Amino acid sequence: MKRLVVVAGLAALLALSFTAVHAAEREPGIAQREPYGIGLEGFAYPYPVSLLPLVNDGEQLRMAYMDVAPAQANGRVVVLLHGRNFPASYWAPEIKVLLAAGYRVVVPDQIGFGKSSKPSGELHFDTLARNTIALLDHLGIAKADVVAHSLGGMLAVRIARAYPDRVNHLLLAAPIGLEDYRMYVPPTPTEKILENEDKLTADGYRKQLETNYSPKIPPEAITPFIDARFNIKGAADYSRWLRAFVSSGQMIYREPVVHEIPLITVPTLFIMGADDHNAPGRPNAPEALRPKMGQNAELANALAAKMAHGSAEVIENAGHLVFLDAPDKFNALMLVFLAK
């Protein structure tokens, strides 16, 4: 039976995902591009993208994904699950690593993200988990090793709990959701978050990524993420994208998974950056509580100790984008774990 590996994260050679024209068009004096569509129409992905029709809450939607075969297959499959702030295209470097190791690689954009449909209703982890299993069924994949980054880690936990017979191994790469953010952050109205997100500028977003994710990332590696988010602002249905994006933030807050992590029965590895202190909603928490949030390496170690088959590796001088900050160490840990 083929095994599937679900991986969510970022890696070092992000520029491989994008064409040279993107960089050229960012130079001063060059005319601005036409806006991307809210399905990232006009934004380059590194491999061909297919679309799976789905119905969520009565709404007809399409889930985008890449399905890439290696030159020499080892009979196993890897699926990569992305974080909240990144389209699936950011997996280009990890796809190359896994292809070289003989894995077939399946890389979806979850509904509400990237090239997938932006629903009119609210996002829920249970729905995203069902969608992911539907994709595996569509591709004839019976079982998976799961590796997930950031928000993808929360989704992977829900998949491992709801569909344990579909998961062989779980690798959580700098996941969020290792604490219940409701313990620190008061509820924030959706309309307030919409207003704040709409006011965010490209420079402000760049500062967020460089400060909250990793100050080590070179500016040119951040630029594609800025493009993917801010060149859709001119799209006619931008407001629908914005509401879906805000819904994903409310999903993180309202649907914690930390209480489920100790109950996971499959072998699980956390790979954390020692400097990862990302904590969604921290600016909205009382000032006295903010320093207590986002102690992610310590949280991962504590949770791994409570699991039947859990372990954690912490990489020094690496942050939330652990696979970008320390790609060689991350890839070595990942490949050894997946080969077990």
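General observations
- Shape class of region 213-258 from the alpha-carbon gyration tensor: oblate, with a/c at 1.5 or above and b/c at least as large as a/b.
- Per residue, the chain reaches -10500 deg cm²/dmol at 222 nm when only DSSP H runs of four or more residues are counted, each adding -39500 (n - 2.57).
- Result for the chain in a Gaussian network model with C-alpha springs under 10 Å: among Ala100, Ala312, Ala279, the largest mean-square fluctuation is at Ala100.
- Cross-link pairs exceeding 24 Å in C-alpha to C-alpha distance, out of Lys96/Lys143; Lys118/Lys143; Lys207/Lys306, comprise Lys118/Lys143; Lys207/Lys306.
- Of the DSSP H helices in the chain, those whose Cα atoms cover at least 20 Å axially and whose Kyte score averages -1.0 or more: 238-254
- The P(r) of region 79-124 has a tail past 17 Å containing 38 percent of all C-alpha pairs.
- Computed P(r) (all Cα pairs; region 167-293; 10 Å bins; percent): 10, 33, 38, 17, 1
- Peptide ranges 154-164, 235-245 listed from the most packed, as the mean C-beta count within 10 angstrom indicates: 154-164, 235-245
- The chain - percent relative contact order, Cα under 8 Å, separation 6 or more: 21
- Reducing region 92-139 and region 183-225 to their Cα centroids gives an inter-centroid distance of 23 Å.
- Simple rule: put +1 on each Lys or Arg Cβ and -1 on each Asp or Glu Cβ in region 252-318, find the dipole, and look at Ala318, Phe270, Pro286; the Cα lying farthest toward the positive end is Pro286.
- Estimated translational diffusion coefficient (Stokes-Einstein, Kirkwood radius over Cα pairs, 37 °C, 0.692 mPa s) of the chain: 165 µm² per second.
- Other-chain or far-sequence residues with amide H under 5 Å of Met307's (modelled H): none
- For region 102-224, the relative contact order works out to 16 percent when only alpha carbon pairs closer than 8 Å and six or more residues apart are counted.
- Nonlocal amide H pairs with Ile176, under 5 Å, H built at 1.01 Å: Ser150, Leu151, Gly153, Met154
- For Arg62, the residues whose amide H sits under 5 Å from its own are Leu54, Ser117, ignoring neighbours fewer than 5 places away on the same chain, with H placed 1.01 Å from N.
- Across Val147, Val246, Val78, mean-square fluctuation computed from a Gaussian network of the chain (C-alpha pairs under 10 Å connected) peaks at Val246.
Values quoted throughout were computed directly from the atomic coordinates according to the rules given, and no laboratory measurement underlies them. Only a predicted model underlies this, so the values are computations on that prediction, with no experimental measurement involved. Cβ: placed from backbone, ideal geometry, glycine included. Neighbour counts: every protein chain shown.
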